[in-house]
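Trainee: Here you go, one structure.
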Amino acid sequence: MPGGPAPFGAAVTGVGLVTAAGVGVAASWERIRAGAATAATAVPELSGLPAGFGCAVTGFDPVRAIGRRKAWRIDRCSQFALAAAAEALADAGLDPDHWDRARVGVVLGNGIGGAATWEKQHRTLLSDGPLKVSPLLIPMLSVNMSAGYVAMEFGARGPSLVTATACASGTTAVGVARDLLRSGACDVVVAGGTEACLVPSIITGFGQMGALSRRRDRPEAASRPFDVDRDGFVPAEGAGVLVLERVEDARARGARVRAVVSGYGASSDAYHATAPEPYGTGAELAVRAALRDAGLHPGDVDHVNAHGTSTPLNDATEARMIRRVLGDRPAVTSVKGVVGHSLGAAGAIEAVVTALTVEQSFVPPTANLESQDPAVELDVVAKAGREMPVEVALSNSFGFGGQNSVLLFTRG
């Protein structure tokens with residue numbers, strides 16, 4: 001597409017995951033590849049709520065992952081971020097003891113902040129009075145602290161930012177990180193998103209909006225993107241982190257390039273606080289901006305990792321937009337059928353999955369898609385994953401407030 005600046009690629013040299021599908025990239029990717037859903041029959045903290053189930057991270061030991069002192073002092077969402085960042089940096093082969101700290105940035109997406117800490121300390125305030133409230137309350141709940149703790153842990157003294165664009169937060173973070181590399185502000189950026197908000201107040205709020213699935217009889221099948229019987233999303237927690245470098249820098253040090261972030265687009269619906277604009281006009285602007293940024297055309301796209309929340313409105317609107325802009329050629333999937341919807345972390349988790357999809361030429365299936373909605377006129381991968389060349393892939397994320405973010409990945 002002529003008329004813009006020369007395309008810029010950010011190499012994905014490391015990835016880290018903490019999801020309901022598993023702790024670590026290997027465990028998570030194996031279950032995502034298999035399309036094995038993870039929604040629990042119940043989450044103890046959500047007992048008694050109309051939709052008291054979700055995709056919780058199990059088997060995560062914060063003491064083992066980050067040490068006893070840090071585990072005690074930071075909220076679960078920051079614990080996830082530290083663990084995923086450590087895995088991503090190890091995967092990238094980068095040693096924080098030997099890098100130029102002033103040239104390393106951190107950008108993480110987060111939607112809610114330290115929700116579990118806030119709720120616990122609020123109960124303490126009401127039951128025991130203000131003198132019993134933890135002095136760590138503010139640094140544990142503040143939305144910026146996940147990036148702050150990652151920067152402290154690894155000595156990253158470049159920009160430390162948190163993006164808060166609701167369910168697009170993690171995707172926005174990767175886009176902003178790429179811009180830091182392109183501008184010359186950083187040489188390495190640790191980017192992604194984290195969320196841990198399976199707590200009564202937050203889940204009740206989503207429930208009262210009518211956004212959640214209430215399929216209590218089959219919670220493991222409740223998250224069913226693009227299915228004709230979808231009835232809402234299944235809340236989740238987790239984190240995804242990518243290490244980004246300039247392509248030439250990564251190749252110069254002999255790093256493995258899993259994929260390249262070659263385009264990013266963002267837009268606003270300017271329509272409604274929670275509902276998507278019916279024609280997906282804002283989402284389309286973001287998709288076209290990502291294509292333009294990469295110097296590519298709609299016909300170049302092989303795969304779309306859809307936002308695919310399993311809500312009636314989002315899936316229908318997104319499907320119409322994809323069909324209108326890209327046609328029915330791309331293979332489409334939503335990993336939320338496996339890992340649920342982790343809000344501010346979702347886009348980062350899906351960015352990791354999209355990078356792996358491009359690298360391994362394998363599109364994972366959309367779990368629980370038993371009967372595709374006839375209104376979804378797309379090639380949605382279901383039942384089993386698909387081996388296919390993926391040279392160009394989009395990862396879509398759309399959030400409350402009409403905030404849209406789209407990443408474009410190409411083969412490294």
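Trainee: Please go through the stretch 112-155 and pick out each residue that is surrounded by 17 or more Cβ atoms within 10 Å (Cβ to Cβ) and over 23 Å from Ile202 (Cα atoms).
Mentor: Result: Gly148, Tyr149, Val150, Ala151, Glu153, Phe154.
Trainee: Could you please find all residues in the stretch 167-187 being touching a helix residue (DSSP H, G or I) at 6+ places or on another chain (Cβ under 7 Å) and either aliphatic (A, V, I, L, M) or in a strand (DSSP E or B) (or both)?
Mentor: Ala168, Ala173, Val174
Trainee: Would you check if there is a residue in the stretch 366-379 being among the small types (Gly, Ala, Ser), in contact with a helix residue (DSSP H, G or I) (Cβ under 9 Å, 6 or more places away or on another chain) and not in a loop (DSSP other than H, G, I, E, B)? Before you say what the answer is, go through the steps one by one.
Mentor: Step one: of the stretch 366-379, the residues among the small types (Gly, Ala, Ser) are 367, 371, 375.
Filter again for in contact with a helix residue (DSSP H, G or I) (Cβ under 9 Å, 6 or more places away or on another chain), leaving 367, 375.
Those still in the list that are not in a loop (DSSP other than H, G, I, E, B) too: none.
No, the stretch 366-379 contains no residue that is among the small types (Gly, Ala, Ser), in contact with a helix residue (DSSP H, G or I) (Cβ under 9 Å, 6 or more places away or on another chain) and not in a loop (DSSP other than H, G, I, E, B).
Trainee: Same structure, new question: Go through Ala177, Ala151, Ala156 for me and flag whichever is closer than 21 Å to Val243 by Cβ, without any contact (Cβ under 8 Å) to a residue 60 or more places away in the chain and among the aliphatic types (A, V, I, L, M).
Mentor: Values: Ala177 fails: without any contact (Cβ under 8 Å) to a residue 60 or more places away in the chain; Ala156 fails: without any contact (Cβ under 8 Å) to a residue 60 or more places away in the chain.
None of the other options fit; the residue is Ala151.
Trainee: Something else about it: Can we say Gly344 is buried (at least 21 other Cβ atoms within 10 Å of the Cβ), in contact with an Asp or Glu (Cβ under 9 Å, 6 or more places away or on another chain) and on the phi > 0 side of the Ramachandran plot? Break it down stepwise before answering.
Mentor: Details: buried (at least 21 other Cβ atoms within 10 Å of the Cβ): yes; in contact with an Asp or Glu (Cβ under 9 Å, 6 or more places away or on another chain): yes; on the phi > 0 side of the Ramachandran plot: no.
It is false that Gly344 is buried (at least 21 other Cβ atoms within 10 Å of the Cβ), in contact with an Asp or Glu (Cβ under 9 Å, 6 or more places away or on another chain) and on the phi > 0 side of the Ramachandran plot.
Trainee: Would you call Ala164 closer than 19 Å to Ser334 by Cβ, hydrophobic (A, V, I, L, M, F, W, C) and in contact (Cβ under 8 Å) with a residue 24 or more places away in the chain? Show your work before the answer.
Mentor: On the way: closer than 19 Å to Ser334 by Cβ: no; hydrophobic (A, V, I, L, M, F, W, C): yes; in contact (Cβ under 8 Å) with a residue 24 or more places away in the chain: yes.
So Ala164 does not fit the description; no.
Trainee: State the number of residues belonging to the stretch 316-333 that are touching a Pro at 6+ places or on another chain (Cβ under 8 Å) and crowded, with 24+ Cβ neighbours inside 10 Å.
Mentor: Restricting attention to the stretch 316-333, the residues satisfying the condition of being touching a Pro at 6+ places or on another chain (Cβ under 8 Å) are 317-318, 322, 325-327, 333.
Retained after the next criterion (residues that are crowded, with 24+ Cβ neighbours inside 10 Å): 318, 322, 333.
Summing the residues that are touching a Pro at 6+ places or on another chain (Cβ under 8 Å) and crowded, with 24+ Cβ neighbours inside 10 Å in the stretch 316-333 gives 3.
Trainee: For Thr309, state whether it is among the polar types (S, T, N, Q), under 25 Å from Ala173 (Cα atoms) and outside any loop (DSSP other than H, G, I, E, B). Even if it seems obvious, please write down each step before you answer.
Mentor: Numbers: among the polar types (S, T, N, Q): yes; under 25 Å from Ala173 (Cα atoms): yes; outside any loop (DSSP other than H, G, I, E, B): no.
Answer is no for this residue.
Trainee: Please work out if Ala39 is closer than 30 Å to Arg214 by Cβ, in a loop (DSSP other than H, G, I, E, B) and aliphatic (A, V, I, L, M).
Mentor: Values: closer than 30 Å to Arg214 by Cβ: yes; in a loop (DSSP other than H, G, I, E, B): yes; aliphatic (A, V, I, L, M): yes.
Answer is yes for this residue.
Trainee: While we're on this one: Filter the stretch 316-365 down to residues that are assigned to a helix (DSSP H, G or I) and touching a His at 6+ places or on another chain (Cβ under 9 Å) and give me whichever is nearest to Val392 (Cα to Cα). Steps first, answer last, please.
Mentor: Applying the first criterion (assigned to a helix (DSSP H, G or I)) to the stretch 316-365 yields 316-326, 336-339, 343-360.
This time we only want the ones that are touching a His at 6+ places or on another chain (Cβ under 9 Å), so: 318, 336, 346-347, 350, 354, 357-358.
Details: Glu318: 19, Lys336: 21, Ala346: 20, Gly347: 17, Glu350: 15, Thr354: 10, Thr357: 10, Val358: 7 Å.
By that ranking, first place goes to Val358.
Trainee: Let me ask you something else. Could you please find all residues in the stretch 81-103 being of a type in the set (Gly, Ala, Ser), touching an Asp or Glu at 6+ places or on another chain (Cβ under 9 Å) and surrounded by fewer than 21 Cβ atoms within 10 Å (Cβ to Cβ)?
Mentor: Selection gives Ala86 alone.
Trainee: Given the condition of a type outside the set (D, E, K, R), over 22 Å from Asp379 (Cα atoms) and in contact (Cβ under 8 Å) with a residue 24 or more places away in the chain, answer yes or no: does some residue in the stretch 294-310 qualify?
Mentor: Scanning the stretch 294-310 turns up at least one residue that is of a type outside the set (D, E, K, R), over 22 Å from Asp379 (Cα atoms) and in contact (Cβ under 8 Å) with a residue 24 or more places away in the chain.
Trainee: Could you list all residues from the stretch 159-208 that are under 15 Å from Ala85 (Cβ atoms) and among the charged types (D, E, K, R)?
Mentor: Result: Glu195, single match.
Trainee: Restricted to the stretch 272-290, and to residues that are touching a helix residue (DSSP H, G or I) at 6+ places or on another chain (Cβ under 9 Å) and more than 10 Å from Met321 (Cβ to Cβ), which residue is surrounded by the most Cβ atoms within 10 Å (Cβ to Cβ)?
Mentor: Ala290
Trainee: Kindly check whether there is at least one residue in the stretch 161-178 that is farther than 18 Å from Asn396 by Cβ and charged (D, E, K, R).
Mentor: Within the stretch 161-178 (the criterion being farther than 18 Å from Asn396 by Cβ and charged (D, E, K, R)), the answer is no, since none of the residues qualifies.
Trainee: Quick one: which of Arg246, Arg224 is within 30 Å of Glu370 (Cα to Cα) and either at pLDDT below 95 or touching a helix residue (DSSP H, G or I) at 6+ places or on another chain (Cβ under 7 Å) (or both)?
Mentor: Among Arg246, Arg224, only Arg224 is within 30 Å of Glu370 (Cα to Cα) and either at pLDDT below 95 or touching a helix residue (DSSP H, G or I) at 6+ places or on another chain (Cβ under 7 Å) (or both).
Trainee: Could you please find all residues in the stretch 205-219 being closer than 24 Å to Ala115 by Cβ and outside any strand (DSSP E or B)? Even if it seems obvious, please write down each step before you answer.
Mentor: Step one: filter the stretch 205-219 for residues closer than 24 Å to Ala115 by Cβ, giving 205-216, 219.
Those that are closer than 24 Å to Ala115 by Cβ and outside any strand (DSSP E or B): Gly205, Phe206, Gly207, Gln208, Met209, Gly210, Ala211, Ser213, Arg214, Arg215, Arg216, Pro219.
Trainee: Pairs, please: C-beta under 7 Å, at least 6 apart or cross-chain, first residue in contact (Cβ under 8 Å) with a residue 60 or more places away in the chain and among the basic types (Lys, Arg) and in the stretch 217-237, second surrounded by 24 or more Cβ atoms within 10 Å (Cβ to Cβ) and not in a loop (DSSP other than H, G, I, E, B)?
Mentor: Note: pairs meeting the criteria are Arg224/Gly337; Arg230/Asp315.
Trainee: Mind counting the residues in the stretch 389-412 that are more than 23 Å from Cys167 (Cβ to Cβ), touching a strand residue (DSSP E or B) at 6+ places or on another chain (Cβ under 6 Å) and at pLDDT 95 or above?
Mentor: So in the stretch 389-412, the residues more than 23 Å from Cys167 (Cβ to Cβ) come out as 389-392, 410-412.
Pick out the ones that are also touching a strand residue (DSSP E or B) at 6+ places or on another chain (Cβ under 6 Å) and you get 390, 392, 410, 412.
After this cut, where a residue has to be at pLDDT 95 or above as well, the list is 390, 392, 410.
Total satisfying the criteria: 3.
The values are calculated or read from the model by the stated rules, or taken from the named source; none is laboratory data. Model, not experiment: these values are computed from the prediction. Glycine also receives a Cβ, built like all others from the backbone with ideal geometry; neighbour counts cover every protein chain displayed.
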